[in-house]
Each structure stands twice: as C-alpha cells, then as structure tokens.
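The values are calculated or read from the model by the stated rules, or taken from the named source; none is laboratory data. Please read all numbers here as calculations on a predicted model, not as lab measurements. Neighbour counts are summed over all protein chains in view; Cβ atoms, including those assigned to glycine, are modelled from backbone coordinates with ideal geometry. To get the accessible areas, we keep the full protein, side chains included, count just its heavy atoms, and leave off ligands, DNA and RNA. Shrake-Rupley method; radii C 1.70, N 1.55, O 1.52, S 1.80 Å.
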Amino acid sequence: ENEIRDIILGDEIVFVVGAMGDGIGTYLIPAISRIAKGSGVMSVAYVTKPFLREGDNRMHEADWGIQHLLNIADTTFVVENEKLLEIVPRLSPYSQFTVAMDNLISLLKGIVEIYTKIGLVSLDLNDLKSIFRSSNIGYIGTGKSDSDNRISEAVDEAMNSNLTNMNPSKVVGALINITGGEDMSVGDAEMVVEMINERINPN
C-alpha cells in the first residue's frame, strides 16, 4: 500500500484498468481505488467482465468485485466481454480485446485532447472531476463519419457503440469531445450536443 501511495503521490486522477473475475483484478483494482481515494486522488476504474462461457464461479467473483468497486471508485466503466461477441462476432479473441482497449484509448484520448488542444469551450480539472463524480458507473460511446449526413451518423454510432450494459438515458453527466475538419462549424458542434442531450438524462 505504501508503494502505491508513493506512485500516485501528487496525481489528480488515477486510471485503474484490469479484468474482473480472477484473484488479481477482483481484489487489487478495488484496493488501488481505495488507496487513491484515501490519498485524495480521484480514481476512475475501467474493468472487463468475463464471457459467460468462462463459468458461473468466475462471473460471481467478477460481480462481487464490481459491486465492491462501485462503492469505492469515483467512476467505474464495466466492459461486458459478451458485448464483444455482439459487436464484433467474427473477430479473433485477440482482436475482440483490441476493440475493448480501443474503447479505453478513446476515453483517455478524449480527456487529454480537451486539455491539450485549443477548443471552443475551456474546461478545468474541477469540471472533469464533477462529471466523473456525478455517477458511480460510466458510459463510453465513440462515433465518426465523413458522409453528407455525418452529424447524425456519428451521434448514432456514439450512442450505440457502448460495450457496457448502461443505458445512455441514465447518463447524468457527460463529457463530449467533438473534433472535425476545417469545414466543421460551431453550429455543427452545437447540433451534436443537442442530439446527445436528447438521449441522456435531461438533468
């Protein structure tokens, strides 16, 4: 525990990533989140839940760990491995997990870009913390399009590309990162936000 405290000393946010259902992830991820919370560091957990074929024991272990984690971490993203079979059924197991990692990378990339790229809306770290702390379970959606109908297509993809079981209508705090070419207008960006707002919690 002292080693973990030394590692996160001075950090604002800690991302804890791993698989639930085995002894390491199930017990270590909540433990790291608890140490972070006790050190005043915001913890964001990104964990995977086993495939059904991995058996009831592993699934019960994962469910126990996730419930424990939801009471500790500021926000937890739970990726359902079974969802990978729905979204990319024909890919190899390695490629399926690559999809889950791409999902995580898009989350981290979106957060980093908000603070490193010049944008129309400026945010500070307190804004980010308030969003992550608005709900103990999170939703990640990504979408892109270059067609004439690119705005609605990108929004539809973002609202349906989720690897968790969380319904977008339950989202109570949203961090929306919009990037586009030089032909993207402020009106385009506002339309994206409006379309997303119509599908999430009105508050």
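Does residue 57 meet the test of being farther than 19 Å from residue 137 by Cα, open to solvent by 70 Å² or more (accessible area, probe 1.4 Å), modelled with pLDDT of 85 or more and not aliphatic (A, V, I, L, M)? First the steps, then the outcome.
Numbers: farther than 19 Å from residue 137 by Cα: yes; open to solvent by 70 Å² or more (accessible area, probe 1.4 Å): yes; modelled with pLDDT of 85 or more: yes; not aliphatic (A, V, I, L, M): yes.
Criteria met by residue 57.
Residues checked against (1) under 27 Å from residue 15 (Cα atoms); (2) touching a residue at least 24 places away in the same chain (Cβ under 8 Å); (3) open to solvent by 40 Å² or more (accessible area, probe 1.4 Å):
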| residue | (1), (2), (3) |
| --- | --- |
| 107 | yes, yes, no |
| 151 | no, yes, no |
| 158 | yes, yes, no |
| 183 | no, no, yes |
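Of all residues in the stretch 149-189 being at pLDDT below 85 and in contact with an Asp or Glu (Cβ under 8 Å, 6 or more places away or on another chain), which is nearest to residue 77 (Cα to Cα)?
164
For the structure I just gave you, tell me whether residue 137 is in contact with a strand residue (DSSP E or B) (Cβ under 6 Å, 6 or more places away or on another chain) and open to solvent by 40 Å² or more (accessible area, probe 1.4 Å).
So residue 137 passes the test.
Could you grab me the full set of residues in the stretch 20-54 that are on the phi < 0 side of the Ramachandran plot, open to solvent by 30 Å² or more (accessible area, probe 1.4 Å) and outside any helix (DSSP H, G or I)?
Start the filter on the stretch 20-54 by keeping residues that are on the phi < 0 side of the Ramachandran plot, which leaves 20, 22-39, 41-54.
Next, only the ones that are open to solvent by 30 Å² or more (accessible area, probe 1.4 Å) stay: 22-24, 27-28, 32, 34, 37-39, 49, 52-54.
22, 39, 49 - these are the residues of the stretch 20-54 that are on the phi < 0 side of the Ramachandran plot, open to solvent by 30 Å² or more (accessible area, probe 1.4 Å) and outside any helix (DSSP H, G or I).
Tell me which residues, restricted to the stretch 55-74, are among the hydrophobic types (A, V, I, L, M, F, W, C) and assigned to a helix (DSSP H, G or I).
Scanning the stretch 55-74 gives 59, 62, 64, 66, 69, 70.
If a residue must be within 14 Å of the chain's Cα centre (by Cα), surrounded by 15 or more Cβ atoms within 10 Å (Cβ to Cβ) and either at pLDDT below 80 or more than 20 Å from residue 203 (Cβ to Cβ) (or both), how many such residues does the stretch 110-133 contain?
Summing the residues that are within 14 Å of the chain's Cα centre (by Cα), surrounded by 15 or more Cβ atoms within 10 Å (Cβ to Cβ) and either at pLDDT below 80 or more than 20 Å from residue 203 (Cβ to Cβ) (or both) in the stretch 110-133 gives 2.
If you scan the stretch 1-53, which residues turn out to be among the basic types (Lys, Arg) and in contact with a helix residue (DSSP H, G or I) (Cβ under 8 Å, 6 or more places away or on another chain)? Walk me through it before giving the result.
Applying the first criterion (among the basic types (Lys, Arg)) to the stretch 1-53 yields 5, 34, 37, 49, 53.
Once the filter is applied, which keeps residues that are among the basic types (Lys, Arg) and in contact with a helix residue (DSSP H, G or I) (Cβ under 8 Å, 6 or more places away or on another chain), the stretch 1-53 yields 5, 49.
What do you reckon, is residue 82 at pLDDT below 90, in a helix (DSSP H, G or I) and open to solvent by 10 Å² or more (accessible area, probe 1.4 Å)?
It is true that residue 82 is at pLDDT below 90, in a helix (DSSP H, G or I) and open to solvent by 10 Å² or more (accessible area, probe 1.4 Å).
For the stretch 60-79, enumerate the residues that are open to solvent by 10 Å² or more (accessible area, probe 1.4 Å) and polar (S, T, N, Q).
67, 71
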